[in-house]
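Colleague: Below you'll find the structure I mean.
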Amino acid sequence: MEISTLAMYHCLAFVWYFFIAYSITNIRTEERPSEVFFYGGQWKYLTVLNLVLQAVFYGVSFLADVLRLIKKLRCAKCAISSRDLLFSVLAFPVSAFVSISFWTLYSYNRELVYPKSLDGVIPLWLNHAMHTAILPFAVLEILALPHRYPAKKKGLILLGFVSFLYISWVLWIYSVTGEWVYPLFALFSPAGLAAFFAISLAIIISFYNFGEFLNRITWVKITFLRMNVFLSGKRMYFI
């Protein structure tokens with residue numbers, strides 16, 4: 001994909017995520033149902049944090065594209081490194097985790113993650129923007145351009161650290177309010193909750209590995225096809 005086309009795509013994606021994040025974080029307090037408590041605001045929900053993450057990622061991606069267009073290659077190299085690290089470690093695995101885990105639990109019992117009372121506050125299109133569209137966007141990003149993944153150990157340590165921070169935030173909120181961020185957590189004993197967090201971590205790591213695999217297999221195949229096209233345009237003579 002041409003750099004100018006990438007720049008336009010990343011700019012539109014940034015504006016989209018900024019708009020969605022703004023929309024969900026500016027729901028009026030009096031509109032919130034009783035199941036949603038105030039402590040931590042919207043920032044206690046992984047869905048909302050992911051929207052901000054995606055906005056930051058696409059903002060950095062757009063910056064990298066612009067720097068390449070204006071030939072600021074040294075700055076562009078730094079921006080590209082940040083873009084690839086953000087995407088590989090957080091943007092792709094978190095989007096995949098949020099989308100797939102949300103709709104899996106929603107199909108089983110929506111009250112565990114998204115009470116029906118929220119339908120009167122959050123319109124259907126916004127729900128799908130937060131929980132459905134994020135996955136196609138993440139896959140499209142892999143198909144649009146290759147991303148350089150960090151060393152596996154470094155990537156998993158960073159992902160594990162961020163996961164630990166969010167789990168700590170959830171536990172802190174419970175210790176202060178006596179309320180769980182998601183009603184699902186109230187069903188577990190302490191040991192069961194620890195097991196649930198461990199399984200969730202294993203799932204998000206599997207999404208990290210899948211993103212790395214998809215990135216590698218997509219761009220190895222495209223490079224191979226381009227090479228075949230290039231060679232087919234030349235006549236080969238052997239003496």
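The values are calculated or read from the model by the stated rules, or taken from the named source; none is laboratory data. Please read these numbers as outputs of a predicted model, since none were measured by experiment. All Cβ positions, glycine included, derive from the backbone under ideal geometry; neighbour counts span all protein chains shown. Side chains included, ligands, DNA and RNA excluded: accessible areas come from the protein's heavy atoms. Shrake-Rupley method; radii C 1.70, N 1.55, O 1.52, S 1.80 Å.
Colleague: Which label belongs to the value computed from this structure, given these candidates for semi-axes √(5λ) of the Cα gyration tensor in Å: (1) 58, 25, 15; (2) 38, 21, 17; (3) 28, 21, 19?
Modeller: Structure-derived value, by its label: (2).
Colleague: Tell me, what HN-Hα J-couplings in whole Hz come from the Karplus equation 6.51 cos²θ - 1.76 cosθ + 1.60 at θ = phi - 60° for each residue of the stretch 91-104, using x for Gly and Pro?
Modeller: 3J(HN,Hα) across the stretch 91-104, in whole Hz: 4, 6, x, 5, 4, 4, 5, 4, 5, 6, 5, 4, 6, 5.
Colleague: Then there is this: Which entries of 71/153; 77/152; 44/153 have Cα-Cα distances beyond 23 Å here?
Modeller: Table pairs above 23 Å Cα-Cα are 71/153; 44/153.
Colleague: Another question about this same structure. Specify the angular offset, from 0 to 90 degrees and rounded to the nearest 10, of the alpha carbon long axis of helix 3-25 from the longest principal axis of the alpha carbons in the chain.
Modeller: On a 0 to 90 degree scale, this one is about 0.
Colleague: Could you check which residue among 212, 141, 111 shows the biggest mean-square fluctuation in a GNM of the chain with a 10 Å Cα cutoff?
Modeller: Fluctuation is largest for 111.
Colleague: Sticking with this one: If you fit an axis through the alpha-carbon atoms of helix 134-144 and take the longest principal axis of the Cα set of the chain, what angle between them do you get, 0 to 90°, nearest 10?
Modeller: 10 degrees
Colleague: Still on this structure, please answer the following. Tell me the accessible surface of residue 167 in square angstrom (1.4 angstrom probe, heavy atoms of protein chains only), to the nearest ten.
Modeller: It works out to around 40 Å².
Colleague: Which angle between 0 and 90 degrees, to the nearest 10, do you get for helix 73-86 versus the longest principal axis of the chain when only C-alpha atoms count?
Modeller: 40 degrees
Colleague: Two decimals, Cα atoms only, Kirkwood Rh: what is Rg/Rh over the stretch 31-139?
Modeller: Answer for the stretch 31-139: 1.09.
Colleague: Calculate for the chain the 222 nm mean residue ellipticity that helices alone would give, adding -39,500 (n - 2.57) per DSSP H run of length 4 or more and normalising by residue count, nearest 500 deg cm²/dmol.
Modeller: About -24000 deg cm²/dmol.
Colleague: Could you tell me the center-to-center distance, by alpha carbons, between the stretch 130-144 and the stretch 83-98 in angstrom?
Modeller: Result: 10 Å between the Cα centres.
Colleague: Oh, and also: Report, in debye and to the nearest 20, how large the dipole of the chain comes out about its Cα centre when Lys and Arg carry +1 and Asp and Glu carry -1 on their Cβ.
Modeller: 1380 debye
Colleague: With the chain treated as a Gaussian network of Cα nodes joined by springs under 10 Å, which of 146, 136, 123 yields the largest mean-square fluctuation?
Modeller: 123
Colleague: Under 10 Å, Cα contacts only: if you run a Gaussian network model on the chain, which one of 208, 174, 58 comes out with the highest mean-square fluctuation?
Modeller: 174
Colleague: How far is it, in nm, from the label point at residue 125 to the one at residue 187 when both lie 7 Å from their Cα along the line to the Cβ?
Modeller: Rounded to a tenth, the inter-label distance reads 3.3 nm.
Colleague: A further question follows. Which distance in nm do the two modelled labels at residue 217 and residue 12 give, with both placed 7 Å along the Cα-to-Cβ direction?
Modeller: For residue 217 paired with residue 12, the spin-label model returns 2.8 nm.
Colleague: Need the full-extension length gain, residue 73 to residue 158, defined as separation in residues times 0.36 nm minus the C-alpha distance. One decimal, nm.
Modeller: 27.9 nm
Colleague: Does anything in the stretch 65-97 have its amide N under 18 Å from the 7 Å Cα→Cβ label point of residue 206, and if so which residues?
Modeller: Residues passing the 18 Å test: 92-97.
Colleague: Would you list 47, 104 from the most to the least accessible area, probe 1.4 Å?
Modeller: 104, 47
Colleague: Moving on to the next point. Could you sort 74, 148, 110, 216 by accessible area so the largest value comes first, with the probe set to 1.4 Å?
Modeller: Heavy-atom accessible area, descending, gives 74, 148, 216, 110.
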